[in-house]
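To start, the structure under review is shown below, and the notes come after it.
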Amino acid sequence: MTVTRSGSPDLKPRRWHRLFRGRKALRHVRMLDTVGARVMALIVATTLPLAIIASMLAWHSYQQNVGNSTLRTERDMQLAISEITTDLDQTHTLLDMLADGDISSGNALREFALVQTVSQHHYCLLMLTDVEGRPSVVLPSPSTQDAAICHSSEQASPSMMSASARLPVVGIDVLKGERGPLLKFVVPILSNNSVSGYIIAIRTLGWQQSHLRKGDSRLLLGTDNNSRHFLTMPDSSLYSLFPDRPISANLPPKAMTRLERDITSLSQHDIFTSQGITYAFQNAYGPVSLIVATERTAEESHALNIFLIRVSLIVGLLVLELLVVALGASIFLVDPLEKLALAVADWRRGALFAPRTNHSIPLEIRHLEKAFLRATRRLTQHEKDLEQSARNQDMLIREIHHRVKNNLQVVASLLNLQASRIRSHEAREEFRLVRDRVRALATLHRYLYSESGLSALDVQSFLEELCSILLSANSMNAQTRIRLRLDIEHVLISPDQAVPIALIVTEVLSNALRYAFPGERAGHIIIALHKVVPSDPEKEGLVELKLGDDGIGIDAGQASESRTRREGIGMQLIRGFARQINADMTVSNENGTWYTLRFIPERPSLTALAMARKAISHDEDSTR
């Protein structure tokens with residue numbers, strides 16, 4: 001370790017160590033496993049920032065041009081809303097002035113004509129009524145006005161009003177007209193703090209262009225930016241802002257769907273672009289909303305094309321550069337490394353490692369081939385030694401199971417011989433029970449070592465042979481009065497669970513053969529094992545083992561009582577073995593004696609040879 005003048009250790013080795021660890025971590029990134037990918041990643045890392053900057057500049061220029069359409073539409077919307085608000089304020093002022101003035105039946109017609117002139121003939125109706133709402137003076141719409149503009153099915157004609165008509169409701173009401181929404185104003189006339197009559201005025205919410213004076217700013221709406229103005233009612237019906245100049249209200253389906261959603265949700269303001277047209281939505285008055293649709297200008301469309309050309313050129317140059325780099329990397333780096341990888345793969349399949357040496361490839365790759373050649377020779381010899389050791393261990397385990405089976409069979413024969421010399425019937429039966437248990441264990445050891453690579457046994461074939469041995473030991477066969485029915489699925493169980501299951505089956509079958517069918521009674525013994533679908537997802541793989549007979553049965557109540565009572569050794573063994581496999585056991589005494597055990601089979605382990613081969617394959621995968 002080097003020491004600086006101040007006496008502190010040099011930190012440069014630590015920095016280099018951290019840098020080395022950072023580079024080592026990059027090697028584990030799956031996306032950069034190949035040399036070609038890493039070379040292209042370096043090229044992309046150097047050129048992509050420039051491409052991003054150029055694209056951002058092009059996008060900024062495009063956004064400036066596209067934003068002009070939104071700004072124009074928003075400005076046109078606010079101008080129209082301002083004009084509507086100002087016009088309505090003037091209407092309120094005029095009607096309030098008439099109501100506060102000395103208006104009567106004698107001068108009402110002259111006053112109404114003056115108001116009509118000042119408002120540029122936008123009123124469809126001006127009417128003076130008495131205190132009960134009966135019309136006394138009516139100024140109809142001007143003769144220069146189209147009758148369809150003021151027609152509304154929601155407003156009765158003044159000539160139709162009679163003494164029985166309801167009193168007018170003071171305020172402003174919005175009516176649906178044939179050419180657009182109409183506003184109905186009802187202003188009370190007060191005299192000595194009491195209502196002496198009403199002024200009723202009906203006018204359009206929009207304006208009639210033919211009645212506007214030359215130079216009016218409202219004539220400029222939509223003329224300088226190719227925009228259209230609509231008024232919409234709550235039922236989504238569209239009308240022109242200028243009722244004497246109706247225009248087509250056929251909007252695209254997507255835009256109409258968006259506007260209908262705004263109307264339904266009672267939105268106050270919304271602006272969006274659809275199919276090159278910018279739409280602005282804003283509440284105008286009460287339930288009436290204003291919609292402005294502005295088409296994209298030629299300059300804005302040209303800006304979009306320029307943006308697309310710039311982006312396409314940037315992407316094209318980047319792709320062309322990557323293709324050239326990929327081709328060069330493939331010729332000088334990737335192909336030699338792929339040949340080396342194929343040689344290693346052929347060696348893993350059993351062939352000799354024989355790389356195709358070429359002096360045109362880089363020197364580092366040639367050194368790598370030589371290192372692989374030495375390593376493959378050592379690995380081949382090591383794998384052979386490992387597999388041979390595993391085979392020897394498998395043979396030893398198989399021999400152990402074989403000898404245990406033989407010893408158990410000898411013990412069972414000795415027990416059988418000893419039982420034949422005993423005169424006591426009960427003692428002889430006990431010896432035979434022990435003999436059956438020993439034979440079950442001997443049979444089990446024939447299945448404990450599998451050739452499939454798993455240290456497990458198929459419970460179906462094992463139970464079939466075990467039951468056959470037990471029937472033969474009790475002088476029973478398929479043609480006797482007691483018949484055995486097996487319904488067992490193919491289920492793999494571990495050796496730790498195989499022993500308790502074998503002894504449970506032995507106990508249940510032996511008890512059934514000895515006690516369930518006294519005398520010459522006939523019947524059936526059933527053993528079934530099935531996979532079941534558990535209600536709890538944590539008990540995946542649950543199986544059910546059901547054993548029983550249709551004989552005379554036992555007292556099931558006593559069989560499931562507390563263990564403080566004295567029980568037979570058979571029932572104690574069954575319960576103890578059930579606990580060993582973590583099984584839920586139930587005993588039933590309906591139509592015989594039935595035992596139901598539910599348990600989850602343990603995962604079988606690998607044999608020594610299988611583990612060795614798995615270790616070898618794992619080493620192969622980790623070196624790739």
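Coordinate-derived values only; no laboratory data. Worth saying up front: this structure is predicted, and the values here are computed from it rather than measured. Every residue, glycine among them, receives a Cβ derived from its backbone with ideal geometry; neighbour counts consider all protein chains shown.
Annotations
- Legend: ranking of residues 338, 74 from fewest to most surrounding C-beta atoms inside 10 Å; resulting order 338, 74.
- Cβ crowding within 10 Å averaged over residues, with 202-214, 572-584 ranked highest first: 202-214, 572-584
- For residue 542, the residues whose modelled amide H falls within less than 5 Å of its own, excluding neighbours fewer than 5 places apart on the same chain, are 532.
- 12 Å beta-carbon shell around residue 385, net charge (K/R +1, D/E -1): +1
- Per-residue Cβ neighbour rank within 10 angstrom, fewest leading, 330, 82, 274: 82, 330, 274
- Inter-part distance where segment 279-311 and segment 64-137 are each reduced to a Cα centre, Å: 31 Å
- Here the 3J(HN,Hα) profile of segment 348-354, calculated from phi with Karplus coefficients 6.51, -1.76 and 1.60 at θ = phi - 60°, is 5, 7, x, 7, 6, 6, 9 Hz, Gly and Pro shown as x.
- Euclidean distance between Cα centres, segment 510-548 to segment 177-218, Å: 93 Å
- Reciprocal mean inverse distance between Cα atoms of segment 457-603 - Kirkwood radius, Å: 15.8 Å
- For segment 362-456, the convex hull spanned by the alpha carbon atoms encloses 81 Å³ per residue.
- Straight-line cross-link partners of residue 546 among the aspartates and glutamates, defined as a Cα under 16 Å from its Cα and at least 8 positions apart when in the same chain: 464, 487, 489, 507, 584, 590.
- For segment 271-283, putting each phi into the Karplus relation 6.51 cos²θ - 1.76 cosθ + 1.60 with θ = phi - 60° gives couplings of 9, 7, 10, 9, 6, x, 10, 9, 10, 10, 10, 7, 5 Hz, in residue order, rounded to whole numbers and with x for Gly and Pro.
- For residue 370, the aspartates and glutamates whose Cα comes closer than 17 Å to its Cα, not counting residues fewer than 8 places off in the same chain, are 338, 346.
- 291, 84 arranged by Cβ crowding within 10 Å, fewest neighbours leading: 84, 291
- Flagged links, alpha-carbon separation over 32 Å, of 176/214; 184/254; 384/531; 384/539: 184/254; 384/531; 384/539
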